[in-house]
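Colleague: I'd like to ask some things about the structure below.
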Amino acid sequence: MSNQEVVTINVGGHKFTTVVTTLKRFPECKLARMLDGSDPEIRIINGQFFIDRDGDLFRFILDYMRNRQVCIPPDFMEYEALCREAEFYELRTLADVLSKDSIRPRAEILEVRFSLQETHSFFRIFCSCSGTIEMLAARISILVDQTAGNWTYAYQPTKPMAPVPLQRPSHHDLVFQCGNDFSAGEEFAARYVTIQPDERRLINGTNVLGLLVDILLKEGFRLLSTRTVSSEEKVECYTFERVKRPQILTIGGHSTENLQSKLVKSQRRK
């Protein structure tokens, strides 16, 4: 066969089309040997190579042979089965990587603690991934104005607003508050919260919580549980888990690199 000849492979009823060059990229593997008919487990039926294996998982095998990397979907759970397929096709480097526990996706847990007082609310956000906290810190802004006399919830855009930095107790959490605090005399310090891309300046803690939850859901998190941490202090806890982004395993020789920061869509090629 010439290197550019097109080959059709039927794997358990799923048909895939590729070129000889791709199959010869790993000369030691079973798919390269099938081209000269030296592998008894692979037969030719109606002009197509037939392999009695899992067709759904074969797309990952072919993806690896094409690109030397595999894009694992966020909800993928069949690492053991895919490892068996890699061993069957005698793709040793891929099988070695898939057998390691270190590549299995770890849950990213985010916790929002919310305390609603009479005139103000407190928020503390903790996340197992510091990058998510950095992302939220860049999007959350606290603005303060000084209001003399009676304080109202209505936002008046003519008043000067001063930014207030978020509190960062560690790389994994941030703290902020909204509402109004009584200061000297008859003055109140009113704190407004803005969370991009929403442009509103919110002062009511319940509204801020609703917007924060909505943004987290859009960012790929799902709500796992809600509970009351302290009934006396009115502290509620909302626990979220991120639906993991696709994981890319890049394999060259015996080295591996886990590129979880990239979002790549896995496509089935037939």
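The values are calculated or read from the model by the stated rules, or taken from the named source; none is laboratory data. Remember, predicted model here, so these are calculated numbers, not experimental data. With ideal geometry, Cβ positions are generated from the backbone for all residues, glycine too; neighbour counts draw on all protein chains shown. Heads up: the accessible areas ignore ligands, DNA and RNA and are worked out on the full protein's heavy atoms, side chains in. Shrake-Rupley method; radii C 1.70, N 1.55, O 1.52, S 1.80 Å.
Colleague: Got at least one residue in segment 83-95 being open to solvent by 10 Å² or more (accessible area, probe 1.4 Å), under 30 Å from residue 189 (Cβ atoms) and modelled with pLDDT of 90 or more?
Modeller: Checking segment 83-95: not a single residue is open to solvent by 10 Å² or more (accessible area, probe 1.4 Å), under 30 Å from residue 189 (Cβ atoms) and modelled with pLDDT of 90 or more.
Colleague: Within segment 216-241, take every residue that is assigned to a helix (DSSP H, G or I) and without any contact (Cβ under 8 Å) to a residue 60 or more places away in the chain and give me the one that is surrounded by the most Cβ atoms within 10 Å (Cβ to Cβ).
Modeller: To start, the set of residues in segment 216-241 that are assigned to a helix (DSSP H, G or I) comprises 216-218.
Right, trim to without any contact (Cβ under 8 Å) to a residue 60 or more places away in the chain and you get 217-218.
Working: 217: 12, 218: 9.
Filtering segment 216-241 for residues that are assigned to a helix (DSSP H, G or I) and without any contact (Cβ under 8 Å) to a residue 60 or more places away in the chain, the one surrounded by the most Cβ atoms within 10 Å (Cβ to Cβ) comes out as 217.
Colleague: For residue 51, indicate whether it is free of Cβ contacts under 8 Å to residues at least 60 places away in the same chain and surrounded by fewer than 16 Cβ atoms within 10 Å (Cβ to Cβ).
Modeller: Criteria not met by residue 51.
Colleague: Could you grab me the full set of residues in segment 20-70 that are assigned to a strand (DSSP E or B) and over 21 Å from residue 81 (Cα atoms)?
Modeller: Initial filter on segment 20-70 (assigned to a strand (DSSP E or B)): 43-45, 48-51, 69-70.
Hits for segment 20-70 are 43, 44, 45, 48, 49.
Colleague: Could you tell me how many of the residues in segment 101-119 are surrounded by fewer than 20 Cβ atoms within 10 Å (Cβ to Cβ) and over 20 Å from the mean Cα position of the chain (by Cα)? Walk me through it before giving the result.
Modeller: Keep residues of segment 101-119 that are surrounded by fewer than 20 Cβ atoms within 10 Å (Cβ to Cβ), which gives 101-109, 111, 113, 115-119.
Remaining after also requiring over 20 Å from the mean Cα position of the chain (by Cα): 113, 115-119.
Total meeting the criteria: 6.
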